[in-house]
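> This is the structure, below, for whatever I ask next.
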Amino acid sequence: MTSQTEQTTLLVLKRIHIQLASYPTPVAGCDEQFNYLLSERQRLTKGLSQIHDEIDFTPRAPEPPDG
């Protein structure tokens, strides 16, 4: 099950991927929109990793002592 935040992030990442795939060849370091898309992809990917890390970490209550 995915959270709403994760679903939204994945949708935005997919849109960015499509834009990058169809983007004309940029002049390295000179294309602000392309550089923006790259930084957004990196930021969102990092955020998605953090969401997964939070989901994977589930604190458990201590076990009651036997007795």
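> What ranking of Leu38, Leu11 emerges when the number of other C-beta atoms within 10 Å of each C-beta is taken as an exposure proxy, fewest first?
On the way: Leu38 14, Leu11 10.
Fewest to most other Cβ atoms nearby, the residues stand as Leu11, Leu38.
> Here is a follow-up. Within a Cβ distance under 15 Å of Leu13, other residues only, what is the Lys/Arg minus Asp/Glu net charge? Mind showing how you got there, number by number?
On the way: positive: Lys14, Arg15, Arg41, Arg43, Lys46; negative: Glu6, Glu40.
Local net charge: +3.
> Going by amide H atoms built from the backbone, whose H comes under 5 Å of the H on Asp31, apart from near neighbours?
none
> If you put +1 on each Lys and Arg Cβ and -1 on each Asp and Glu Cβ, how big is the dipole of the stretch 4-52 around its Cα centre, in Debye rounded to 20?
Values: 5 positive and 4 negative charges, 30 e Å.
That gives the stretch 4-52 a dipole magnitude of about 140 debye.
> Hey, another quick one. Please work out the FRET efficiency for the pair His17 and Glu63, using the Cβ-Cβ distance as r and a Förster radius of 35 Å; give the result to the nearest 0.05. Don't jump to the answer; show the numbers that get you there.
Details: r = 45 Å, r/R0 = 1.28.
E(calc), rounded to 0.05, equals 0.20.
No value in this document is a laboratory result; all are computed from the given coordinates. Just so we're clear, the structure is a prediction, and the values are computed from it rather than from any experiment. No Cβ is skipped: glycine too gets one built from the backbone with ideal geometry, and neighbour counts run over all protein chains shown.
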